[in-house]
Amino acid sequence: MPGLLSGARRLPLLRVERVRGEVLVIICDDELLGKKFEEGDFILEVERSFYEGRRASVEECLRALENATIANIVGSMVEHAIKAGFVNAENVIRIGGIPHAQIVKL
């Protein structure tokens, strides 16, 4: 879906949940909410019930990733997470052109 990640940047959405000793950080671009992307056998549904959070700066999202034990990142923040060393670029998948990365700290 060309154009979804281009143009003027809006603040990403950030959600942090603490569940059973884990810190789950969820970050996505707000323009992706409610959309479904497909590529081959892969489907990425950016469901509001999971991805919706509050607007946060890139810096705030990166600070949240420092404390994450599990993270799910969709959209433009994936590139920031790569540059900050949280994600290896080789582990990023693109589904319908949308970058998606997960982090699990053991």
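I need the full set of residues from the range 65-82 which are of a type in the set (A, V, I, L, M, F, W, C) and either over 27 Å from G21 (Cβ atoms) or surrounded by 18 or more Cβ atoms within 10 Å (Cβ to Cβ) (or both), in order please.
Within the range 65-82, L65, A68, A71, I73, V74, M77, V78, A81, I82 qualify.
Return the total of residues in the range 83-106 being without any contact (Cβ under 8 Å) to a residue 12 or more places away in the chain and either crowded, with 17+ Cβ neighbours inside 10 Å or not small (G, A, S) (or both).
Of the residues in the range 83-106, 5 are without any contact (Cβ under 8 Å) to a residue 12 or more places away in the chain and either crowded, with 17+ Cβ neighbours inside 10 Å or not small (G, A, S) (or both).
If you check every pair at least six apart or on different chains, which have Cβ atoms under 7 Å apart with a residue in the range 61-78 that is farther than 16 Å from L106 by Cβ first and a residue that is of a type in the set (S, T, Y) second?
V74/Y51
Picking from L11, L62, L32, L44, which residue would you name as being modelled with pLDDT under 95, under 14 Å from the mean Cα position of the chain (by Cα) and of a type outside the set (G, A, S)?
Within the list L11, L62, L32, L44, the selection yields L11.
Among the residues in the range 14-21, are any without any contact (Cβ under 8 Å) to a residue 60 or more places away in the chain, β-branched (V, I, T), loosely packed, with under 12 Cβ neighbours inside 10 Å and out of contact with any helix residue (DSSP H, G or I) (no Cβ under 9 Å at 6 or more places or on another chain)?
So far as the range 14-21 goes, yes, one or more of its residues are without any contact (Cβ under 8 Å) to a residue 60 or more places away in the chain, β-branched (V, I, T), loosely packed, with under 12 Cβ neighbours inside 10 Å and out of contact with any helix residue (DSSP H, G or I) (no Cβ under 9 Å at 6 or more places or on another chain).
The values are calculated or read from the model by the stated rules, or taken from the named source; none is laboratory data. Keep in mind that what you see is a predicted model, and the values were worked out from it rather than measured. Every residue, glycine as well, gets a Cβ built from its backbone with ideal geometry; the counts of neighbours run over all protein chains shown.
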